[in-house]
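Okay, so here's the structure we're looking at.
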Amino acid sequence: MIDNTLTWESHIEMIIWKLSVVCFAVRAITAFVWLDTLKMVYNFYFHVVINYGITLGEIPHIVIVFSIYK
């Protein structure tokens, strides 16, 4: 996703939103499921968004994206 100014901001904002939702879901189910289940949730959602949605490079917002998963 690229906005009308040809920057990555809208794309990064969308990724941050998706990752925030996944982090909330993982935190919400942590007390109720096994560690293996949490790993599956991570692999199916968080890891997929990171791999598909981001091309690593000189993107100033990359620090924000990776700080979500703390």
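Any read-out appearing in this document is the output of simple, stated calculations on the displayed coordinates, not a laboratory observation. Computed from a predicted model, the values in this text were never measured in an experiment. Here Cβ is always computed from backbone atoms with ideal geometry, including for glycine, and neighbour counts include all displayed protein chains.
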Subject >> Amide proton proximity set for residue 8, modelled H, under 5 Å, gap of 5+ >> reply: none
**OP:** Could I have the simple spin-label model distance between residue 29 and residue 13, label points 7 Å from Cα toward Cβ, reported in nm to one decimal?
**Re:** 2.9
**OP:** Based on the mean of other Cβ atoms within 10 Å per residue, sort peptides 36-45, 15-24 so the most packed one is first.
**Re:** 15-24, 36-45
